[in-house]
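The values are calculated or read from the model by the stated rules, or taken from the named source; none is laboratory data. None of the values given here were measured: they were computed from a predicted structure. So basically every Cβ, Gly included, is an ideal-geometry build from the backbone, and we count neighbours across all protein chains shown. The area values use the complete protein model at the heavy-atom level, side chains included, leaving out ligands, DNA and RNA. Shrake-Rupley method; radii C 1.70, N 1.55, O 1.52, S 1.80 Å.
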Amino acid sequence: MAFEPLPILSGRPHRYFSQIGSTNDAATAWALSGAPEGAVVLADEQTAGRGRLGRTWIAAPGSSLLLSVILRPRLAPETLPRVTLMGAVALAEALADWGLSPGIKWPNDVLLGGRKTAGILSEAVWSGDDLTAVVLGIGVNVRADALPDAAALNATSVEAALGRVPDRWRLLLDLLARIDAWSARLGDAALLDTWRAYSVTLGRCITATLGETAWMGMAEAIDEAGALLLRTDDGQLHRLLAGDVTLHG
Ligand code: BTN
């Protein structure tokens, strides 16, 4: 599908599609053909939007921010999940600047009023054995009509939290400014500290599930790689790199 320029992003390498399969797929292809650090793929509509753990990401056309940022981080492979944490931190900071009170639910959900407003899917791009890029994919429910049945899905939107129609492109620029700032500091302790400050997971009793396995216990910490350290009632500490979290107390 053809892309066009988005005037507010002039000066920044970008590809804007009115409709595409997945911005992450387009960004991966562009990364492999030489896109620079910070290049952005955006779409008004995805026909094959992807979420974590093989799920589908649904958003009504024009209702959301659907973007993928191409990063070329210098991180050890085991700390690549920091890119995902960074995406959540960048968005939380942008929303906080708008007077909202976002929270981050491990690993990557950005919540407003306890409901999911955005999700992040970062994917490594390999060229043979070499990590050539990481695609940071972010989907933000901007308008209240982003999802057909948001309440039933425990989801919400920036519009619902703000009580007015947000400027989608202003939010994009604010988010990209935060991503640009943090992408130069992916290895800093401050990134994890900021994630912790927005966390609604740490210090809570939770259930984490991955496939058929569930662990219930206290979310004690995240480590340097962004893994969740969960203490179950038998005293064991479990290190989780992926999963879904339900918050209890
Ligand atoms: C999640 O499951 O919470 C992550 C959702 C990530 C969705 C975004 S929308 C833009 C980018 N392109 C995709 O196909 N997925 C991500």
Inset, instruction - Specify the residue with the greatest mean-square fluctuation among V142, V158, V200, computed from a Gaussian network of the chain linking alpha-carbon atoms under 10 Å apart. - result: V200
Inset, instruction - Kindly express, to the nearest 10 degrees and within the range 0 to 90, the angle between helix 168-183's C-alpha long axis and the longest C-alpha principal axis of the chain. - result: 60 degrees
Inset, instruction - Give, as ranges by residue number, the residues of the stretch 23-40 whose backbone N falls under 14 Å from the point 7 Å along Cα→Cβ of T132. - result: 26-37
Legend entry - Heavy-atom accessible surface of the stretch 1-122: percent carbon and sulfur, 1.4 Å: 54 percent
Legend entry - the stretch 107-184 - convex hull of the alpha-carbon atoms, volume per residue in Å³: 125 Å³
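With the other protein chains left in place, how much accessible area per residue, in square angstrom, belongs to the stretch 1-83 at a 1.4 angstrom probe?
46 Å²
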Inset, instruction - Name the residue, out of L112, L210, L85, whose mean-square fluctuation peaks in a Gaussian network model built on the chain with Cα pairs under 10 Å. - result: L210
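Pop out the carbon and sulfur fraction of the accessible area of the stretch 179-234 as a percent, whole number, probe 1.4 Å.
Numbers: 1400 of 2680 Å².
C and S atoms contribute 52 percent here.
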Inset, instruction - Would you kindly calculate the mean projected area, averaged across all directions, of the convex hull enclosing the Cα atoms of the chain, in square nanometres? - result: 13.4 nm²
Inset, instruction - Work out from phi, with θ = phi - 60° and the Karplus expression 6.51 cos²θ - 1.76 cosθ + 1.60, the ³J(HN,Hα) of each residue of the stretch 47-61, listed in order in whole Hz, and give x for Gly and Pro. - result: 9, 9, x, 10, x, 5, 6, x, 7, 8, 10, 10, 7, 5, x
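Over all alpha-carbon pairs in the stretch 127-249, figure out the percentage whose distance exceeds 16 Å.
Details: 5532 of 7503 pairs.
Roughly 74 percent, once rounded to a whole number.
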Legend entry - Net +/- balance of residues flanking G103 in space, Cβ distance below 14 Å, scoring K and R +1, D and E -1: +3
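Mind checking the per residue accessible area of the stretch 117-204 for me, 1.4 Å probe, whole number of Å²? Let's see the in-between values first.
Values: 3860 Å² over 88 residues.
In whole numbers, the stretch 117-204 has 44 Å² accessible per residue.
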Legend entry - Long-range HN-HN contacts of W57 with modeled amide H, under 5 Å: G49, R50, G51
Inset, instruction - With label points built 7 Å along Cα→Cβ from the Cα atoms of E37 and A242, find their separation and express it in nm. - result: 2.7 nm
Inset, instruction - Quick one: what are the phi-derived ³J(HN,Hα) couplings along the stretch 76-81, Karplus 6.51/-1.76/1.60 with θ = phi - 60°, whole Hz, x for glycine and proline? - result: 4, x, 6, 9, 4, x
Inset, instruction - Using only Cα atoms, locate the centre of the stretch 199-249 and the centre of the stretch 95-157, then give the distance between them in Å, rounded to an integer. - result: 19 Å
Legend entry - Residue-span extension gain [L153 to A60] - 0.36 nm each, minus C-alpha spacing: 32.0 nm
Legend entry - Spin-label model distance (nm) - R12 vs E220, 7 Å beyond Cα toward Cβ: 4.0 nm
Legend entry - the stretch 33-129 - Rg and Dmax from Cα coordinates, angstrom: 14.4, 45
Legend entry - Distant-in-sequence amide H partners of H238 (H built 1.01 Å from N, under 5 Å): L230, R231, T232
Legend entry - Percent of beta bridges antiparallel (DSSP, the chain, rounded to nearest 5): 90 percent
